[in-house]
Structure formats: C-alpha cells, structure tokens
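Take a look at the structure set out below.
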Amino acid sequence: MSAPVQIPADVDREDQILGSLTARQLAITTVAATVVFGVWQLTGPARLLVFAIAVVPVAVLAIALVVGRRDGVPFDRLLLAALGQRLALPGVPRRLRTPGVGRVVAAQLPVGGVRAVGSDQLGVVDLDGHGWAVVCAIVPINLSLRSGAEQDAVIGGFARWLHSLSGPVQLLTRSRPLDLSAPIAHLHQHAHTLPTRELAGAALAHADHLHDLDSRAELLHREMLIVFRDPAPARGARAGAAAGQRLRRRTEEAVALLSPLGLRVSPLSNAETAAVLRRATAPATTLHPDHPAAAPASRSDAVSVRSADDDPPTVELPAVSSESRAGEGVPPGRGLVRRRRREAVTGGRSQASRWFAPGRVRVAARQVVLDEVCTTTLVVTGFPREVPGAGWLAPITGHPGLVDVSVHVTPLDTTIAAGRLRRRLARLEAARRSGSIHGRLPDPDVDAAAEDAHLLAERVARGEARLFTTTITVTVTATTPAGLDGEVAAVRALLSSMLITAHPATWRAWHGWLTGLPLGLDRVGTGRVLDTAALAAAFPFASPDLPPPTSPTTVLYGQNLVSSSLVFWDRWACDNYNSVILGRSGAGKSYLVKLDLLRSLQTGVHAQVVDPEDEYRRLANAVGATTVRLGAPGVRINPLDLDTHTLPDGTLTAAPDALARRRLTLHTLLTVALTTTDHSADDRARAGELSAAERAVLDEAITATYLRAGITDDPATWTRPAPLLADLHRTLTTHGQDRIAPGLIDRALHPDTAVEDDDLDIDAGNDAAVDLAAGSAVRNVHAATDGIAADLAARLRPFVDGAFSGLFDGPTSHPPTAGPLTVWSVREVPEQLRPLATMLVLDAIWRTVTHPHDRRRRLVVVDEAWLLLQHRAGARFLLRTAKAGRKHWCGLTVATQDTADILGSDLGRAVITNAATQILLRQAPQAIDRVTQVFGLSAGERGFLLSAQRGDGLLTGGEQRAAFTALASDQEDALITTDPAHLATHSTDPAWVRLDPAPARAGAHPGVHVEGAW
C-alpha cells in the first residue's frame, strides 16, 4: 500500500473582516441595519409598535441569512439558488401537470448538437454557448491488487497527465445495471448452428442461466469517461472544427500519457457520443427491463450521420414535436399567445436539446425525477486531513449501487495560482495576528489554512506541483423515492466513514444533475483547491471490474468478489490464446477448466482434451463428444503415421516436409520412451535425454525403417501404409546383421542424386579400397554402433511385445476426430507411460490443429500438465504448442497442481510467459513465495491466494486483474463437479469391465465412444 497523502486545507475560505463576520455577512448586516434605520426614520419614536412590526421580520430574515446554513451552504446562497433554479426551469401549463414529487418543468439541456470532426468522425458536442466537449471512454485498472511500487508508478503517471492539462476536464464514473441481453441473444440465435443437439441444449440452458443472473438488480456495470471541454464560446461550423482540433490534441496527449499505465483511452465518434449522452440523460433506458420506467419510448433513438461538403458532419436528430415531450397534448395554434404557450412548454429549446432531454422531468428541492426515475446529487464540501494513499475515491466509485461520481478538474495557471496564494497567505496571517492581539483563542481552521497555503506556495514556486479547482459530486439513482432515501443514506454513511463531508444540492438539484452529465460543465460551483498529489491519489479510474461482454467469444468465468459484477473474459481478444491455471489440490482447477471448456464450446470452439483421470466423461456425454480411451484393449496410436490431411472432397494432402517433421517428432517421442524404460546409471538417461551417439543411431534406424516401408522424400510414396514401432525395433535389432549403406539410403531418399555402385556395400568397398588399419577402425565403429543399437532395441522392446505394447503394437485404431469435442482419456495407461501417452495425444491433436484446410477456433486442454513437465522433452513439446498455436487459431489451456514443477524449470516458466491469460487459485504456503516472485504479486494478492476458498481465483491478463469465484448453474455443476460426495450418489463408472458384457455393435471401434450428432 502506498503512503498516505495529505489534502490541503481550504485556502479559499472566506476571510473574517469584522470580528467573526465575513465580507458577505457584513454586507447583509449592513443592508439590514440600513433598512432598520430607514424604517426608524419613517416611523419615529412615536410609533414604536409599527416600527417593531416592520423591523422584526427584517431582523429575523437578516439573522437567518447571516448565521443560517443548510446542507453546508449559507441561507442567502440557498435563496439565490432557489430563485435561479425556478427561473431556469419554466413550468408547464396547469392542465398538463400530474401528481408526484416536485414540480413538472420543461427541461432544457445545454446541448446544441454533436458534430463529427476529421476522418475518424470524432464526436464534438456543442454546449450551446458554453464551449465544446469531446468524450473519451476509458478501460479502468484494478489498482487495489497491485503492489505498493506499482501503485506509486500509476499515481506518478497520472500526476504527469494532470500536469499536462491545459483546460477543464471531467472524470466521470457511472454505475448501471449490467445488461446481458447481447450474450443471451447470441446464444439463442446460434444454438441451432452448433454441431450436436446436446451442445445446442447446453447453450440454451446457459442462456437461461444468464437470464436469471440478469434479473438480479445487484449486478452492475461501471462506465468510465473522460470529458475534455474547450470553453471557447464561439459557435458555428468553423468554431466547432477549430475546437475539435484543439480537443483532439488533448485526447492524443491523454492516450500517450495514460496508455503506459494500462488505461485504454478511446475517443468516441459522433454517433457513440450521442448514444452516451442519450443514456446519461434518459436513465430509464439503462434500468432493468422489468422496471416500468424502462419501457421503450414512443420515439426512435436511432442516430444517423450525414456529411456535407460545406458543413462538417453532424448527428441527424429526429424531429420532436411539442406533443412528444413535456408539453404533450398542447394543440398547435396560431398567434402570439399560442406561440408563447408552446415556448413556455419547450423552454425555447433547440431540436438537439429536446432530443437529449428526458421526457418527463420533475424538480424538487433535493430531487430530480426523470421518467419516474429518482435522482439526488450530493456535493462534497469537506475532506479529511489525510487520505489512505492511492485510489482514495475507490470506495465511492465502487459502491454497490446506482451512483455517478463526477470529478470536475480545472487547472490553475501557475503564475495566477502563486499570486492568489501570496495574497491569501497575507490575509490569513493578518487574521492570526489580529486574533492574537485581541486575545482571542487561535482558530484551528485559520491556522491549518495558513500552514497549507505556505506549503503550497513553496511547492508551486519550486515547480513541484500544480493547483486545480476540483468539484466532486455523487449522483444517486433509484426507482422509487423510498429507495432513493435509503441509497442516499448508505452513500452518506460511506462518505462519513471516509471523513468526507457531503450534502445534497438543496435548491440546486437540477444544476447538480447537470454537473453529473458527461458534458464537462460544473454548474454547482463549489470547487475546492487541491494540489497534484492529493488529486492524483484520488485516481477515479480504479475499478475491480473487467469490461462487460462485447464479443460473442466472451466467456463467463464467475462473479467478482469485490464488486457487484460478473467476470467475463475473451481469450481470443488477447495477444495469444493460451491460459494457465495453477492451484493446490482441491482448489477447483478442473472445475474451472471444465466450466471454461463447456462455455467455449457453446461459442463454436472445437476442443481437444487430455484427460488424465477420466473426469471429463460426464461432460463429454452431455455435449455429444468423442471419447478415446487410451490403454483400453484394441486402442492404439502409431507414432510413425505421417501428417496427412483429407480434404472435404476426399483428396489426401500433406505438407512438403511432412516426412522430415515426422522424423523430428519421433526423436522427441522416442526420447521419452527410451529414457522411461532405462534403469541404468547413465546421468543423461535419468535426465530424460539421449547421448549424441544414441541420437545418431536412432536417426539412422528411423530413416531405414521408412525406407523399408517404401516411404521416401517423394510425396507419391506417402500414401503407402506407415511402418510400425515393431518395424523400428526390428531395424535396431538387425543393425549389425543387415546394415543398409548410407549411399543406398541417400539414393532412395534422393533419387535425383547419382550414387556409385561401390557405395552399396560399405564393408566390401572398404576392404577393397583401404588398408588393413583403416578396415579395423571401421569395424570398431560398426561394433560400437551395433552395441548402441542393441541397447536401444532392448529399451524399446517393452513397447513392442512387452508390458507396454498395448498402445503401440499396431496401426492407429481410433477414427479421425471431427466433432466439437474429443476427450483423450489416459487413466487406463500405466503411470510410467502417461507422459509418453500424453505426448502421443498432443501429437495427434497437433495434426488436427495444423490442418491448413480446416481453420477454426480450437482449444487444447492439458489437465495435470505436471505429467509432461517432469520430462524435458515433454516440456519442450508443450512449449512448442504454446508458441505456435496462435498461428493456427488455437489456444492452449494448461492446468496443474504441482506449482513447483512448472515454476522450477526454464521451460515451465516459458509456458507461463506464453500464456496471456493466467488464473491462480489457492496456493500452498510452501509454494506462495515462488508464485509471488514469478507472477509479481502484491501483498494483497498473496494473502488472497493463501486464504481463497474453493473456486475462488485471481485472473490476470495484461493490465487487467480480477478476483472472482466460479459461477455455474445447477445443470453445469452436475456435469463438471468432482466432489466425491456428489459422485457417490449420482454417478457410476461405465469404464469398469462387466462380467456379462453385452454384444458389441458391428463396426464399433474398441475404446472409442461417440455420442449422437445432428
């Protein structure tokens, strides 16, 4: 956690001119005394009763105006605000009024239209004589989960952006109910396109689950905006274009300075800006659909864009008649009287102002009711002396309610600020001396203001800080007046807990609501001077939420543990499509992997799963998947099969270097196989590697094996049946008896190369061409290689006709995997063969992934990846899949409970580095230090992972971080749970052998189970 930050005292507090009276109070007192004196002159001492009757109301009113305060504002200012609000909002005719809270008014917004400037259609809002504005959307970051050093870096970068400000800016956070209509509609529309009925049914069930979640009012989405305002009052096309260019430069500065902090700033186009303004001015459209105020309006909200050569593009707004707004029912008439009546109803508003304004507006002393939606604006008037470091506004912006937090920032010119501080410091010191001379007790407020004014003057003079006039308002929204009172009380209690003073904008409710709109206008005018450190530490763009779902490939992971929102994540929008899930046993890794897999399948992804414990069987059966049970009788994989692909028309194709690739892959597979069965004391074998001599002999044997099967570098020979592992074993066994000369191999593999006949028999050629010494040396080399070949053959024998032969003793038995999900179960494979079996499965999966004529989004899931990571060759194979998968539109999901295995090797850490999505579940205390170091966790994240409950996790992806808990429906939970208590009562294992087996179906592949399709 970063260090606490001091907030300067209010250096703009009113001076005490006479005694404890300020200039304003002294003026009111003087006017009242003048009135009393005038009345005395008129009545004289003879009419004391008349004088008393005339003077008492004046005196009471004067006293009330001088000493009275309400909601942090003196009574005189409240009176002026009430008069100003009354005059600014003309009422409607009496016959159009309806009963309810407040007075029905004709709302008028300071919006003259939205223009498009430049080729990117940058939206520039005409503020109707108050300047121009540009709205930018911003994606927040989770500041609370970062380390202290990271927080300091973010706050420092934000301070640099504040220093660069050249005009007023508004930082706005809006909370609204989360809208899940888009993902629900996508699931309904695309369910029929899924390849199996079972998967389509699962997609519709997930849509129902999302609908149930959507009905919860506590699920919120936070929209964060930056509004840049240019105060130039000029209007017209040329003024708008010039203001747009100035505002564009400011947005570019924000993008350049905030992007390194992880904040994505996106200037909005004119259509996007119009949509944002419409949502802000019509809150009923963003409420839950069940609320009656959220019913669709009678008019169209469509926005079209037109462009003309002589006029910059503007947003074309629909025509709005007087009958469609607050003046509904006013008949059109002729003459001055009826025209003035219509103007009283519409307030003389422009077409744009009427289009953006809400339909029915009621304004009370503290409330604004918009289309039956109640709002109250709280104005922050007091701050604590010290705030707890970075993101001190986060409790307000993250409040679980419908609140809009608006921060208006106006930078003060350094020269002007320095002069103001000097004059202010002089007055404060004069007040302190005056009090000391007259023997009054010291005023703590004056002392604090004088000290802070002195410190601020020094920092400004040294160029260490800038000053900003800052206005903070909190607009609370509810659907009923009673609900609004409860929400306002909760927000004020939260602010009080932070020692922040906030009061309702009494008699300024309309101006307070306007201040919270994304227009950049501060209509409240209760700004407080803050320095760079205090304002930067507020950092209103800190949020625990992730962006809402905007893509059909987004998947629901769970519910945010910090805020009232859901955690959606789109791995296909990241730099790569890989994810890694780490957690101790029982933390919920497999549960989360299966949940992600099931929901990814519903978006059209095809997946391949390596299942070490047969945990995916129920899920596979539910979605109509193909299950291949390795280790079952008759289920085999031939590692010497070439990588060939069949086109839809039946044409067989292969890569030009398919044979070379297969030979290299065989080296990796056989390295694992041969070192698995080696029980010698050789260090390299124990490390999972072969010596250089062993690799050379193995390469020669592989080449000879393909050659004997008639397969050469000529693609025409690749359609011949591939050799078996037994053929390779036979080649190694007969290495010294039936040696094939390298010349013969070269001629067979490269037919265009001329080879002398004398090269066909190395022994005969050598006996005829060299002397006795050379012949002896050659025989020694042959003897050494023969010994290596015999040793390799002995280590390979268990895979051919020994205990491990069941998986390799014939051609590949399983059919091609064409469904949306293929599960490769390796539970029945012996423990020491599982790494090899997993690599064989990944090799078979890789052939499907790299099919050049069947490009689609694919997902490869490797559960319990420690089986591969314990072998160096297996770790390399997994890393290759992680690195090259993106080129083939494929994502890799790696899950393991042995965190030390994946973090203890360079290859394991490389797999993590190549995963853009990283999910950490509960960690063991013995592993947390290493996890903290590798993932750069903060103290808060470390503590969370040590105490996380089952299913709770920390998702990190780039600059985004979120703590969540997995959220599944009852139907999904029944398919993916591994709870033994649940399985004991709801499941049996069909993989166990029956003593009275039913007859097998004709043509069925043993060990392969395929569910029905369309």
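The values are calculated or read from the model by the stated rules, or taken from the named source; none is laboratory data. Being a predicted model, the structure only gives us computed values, none of them experimental. Positions of Cβ are generated from backbone atoms using ideal geometry, with glycine treated the same way; all protein chains shown enter the neighbour counts.
Data for the structure
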read-out	value
Filter result (touching an Asp or Glu at 6+ places or on another chain (Cβ under 9 Å) and closer than 30 Å to Val114 by Cα) within region 139-163	Val139, Pro140, Ile141, Trp161
Any hit, region 249-257, residues being at pLDDT 95 or above and acidic (Asp, Glu)	yes
Residue satisfying condition, being farther than 30 Å from Ile396 by Cα and surrounded by fewer than 21 Cβ atoms within 10 Å (Cβ to Cβ), within set Asp611, Asp575	Asp575
Residue match in region 544-566 (condition: at pLDDT 90 or above and more than 30 Å from Asp973 (Cα to Cα))	no
Selected residue [in a helix (DSSP H, G or I) and either under 31 Å from the mean Cα position of the chain (by Cα) or closer than 23 Å to Arg584 by Cβ (or both)] from Leu859, Leu833, Leu867	Leu867
Candidates Arg103, Arg97 - the one that is closer than 22 Å to Arg362 by Cβ and modelled with pLDDT under 80	Arg97
Out of Ala54, Ala23, Ala62, sole residue that is modelled with pLDDT of 80 or more and within 30 Å of Leu428 (Cβ to Cβ)	Ala62
Qualifying residue in region 209-228 (condition: closer than 30 Å to Ser600 by Cβ, of a type in the set (A, V, I, L, M), assigned to a helix (DSSP H, G or I) and under 21 Å from the mean Cα position of the chain (by Cα))	yes
Neighbours by Cβ (under 6 Å, 6+ apart or cross-chain): first from region 946-974, at pLDDT 90 or above; second of a type in the set (Lys, Arg)	Ala948/Arg922
Counted residues, region 880-915 - those being under 15 Å from Leu582 (Cβ atoms) and in contact with a Gly (Cβ under 7 Å, 6 or more places away or on another chain)	4
Thr532 vs. criteria surrounded by fewer than 23 Cβ atoms within 10 Å (Cβ to Cβ), assigned by TED's automatic domain parsing to the domain that holds Asp952 and β-branched (Val, Ile, Thr)	no
Residue match in region 371-384 (condition: β-branched (Val, Ile, Thr), part of a helix (DSSP H, G or I) and closer than 19 Å to Gly525 by Cβ)	no
Where a residue in region 390-412 is in contact (Cβ under 8 Å) with a residue 60 or more places away in the chain and its partner, wherever it lies, is hydroxyl-bearing (Ser, Thr, Tyr) and in a loop (DSSP other than H, G, I, E, B), with Cβ under 6 Å and at least six apart	Ala390/Ser2; Gly398/Ser563; Pro400/Ser564
From Ala82, Ala54, residue being surrounded by 14 or more Cβ atoms within 10 Å (Cβ to Cβ), more than 60 Å from the chain's Cα centre (by Cα) and not basic (Lys, Arg)	Ala54
Residue identified as over 21 Å from Glu223 (Cα atoms), hydrophobic (A, V, I, L, M, F, W, C) and in contact with a helix residue (DSSP H, G or I) (Cβ under 7 Å, 6 or more places away or on another chain) among Val114, Val154, Val124, Val101	Val101
Strands (runs of 3 or more DSSP E) (entirely within region 486-576) containing at least 3 residues that are within 15 Å of the chain's Cα centre (by Cα) and under 30 Å from Val593 (Cβ atoms)	555-560, 566-569
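For (1) in contact with a Cys (Cβ under 7 Å, 6 or more places away or on another chain); (2) surrounded by fewer than 23 Cβ atoms within 10 Å (Cβ to Cβ); (3) touching a residue at least 60 places away in the same chain (Cβ under 8 Å), each residue gets a yes or a no:
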position: Ala803; (1), (2), (3): no, yes, no
position: Thr812; (1), (2), (3): no, yes, yes
position: Val823; (1), (2), (3): no, no, yes
position: Leu836; (1), (2), (3): no, no, yes
position: Trp846; (1), (2), (3): no, yes, no
position: His853; (1), (2), (3): no, yes, yes
position: Lys883; (1), (2), (3): no, yes, no
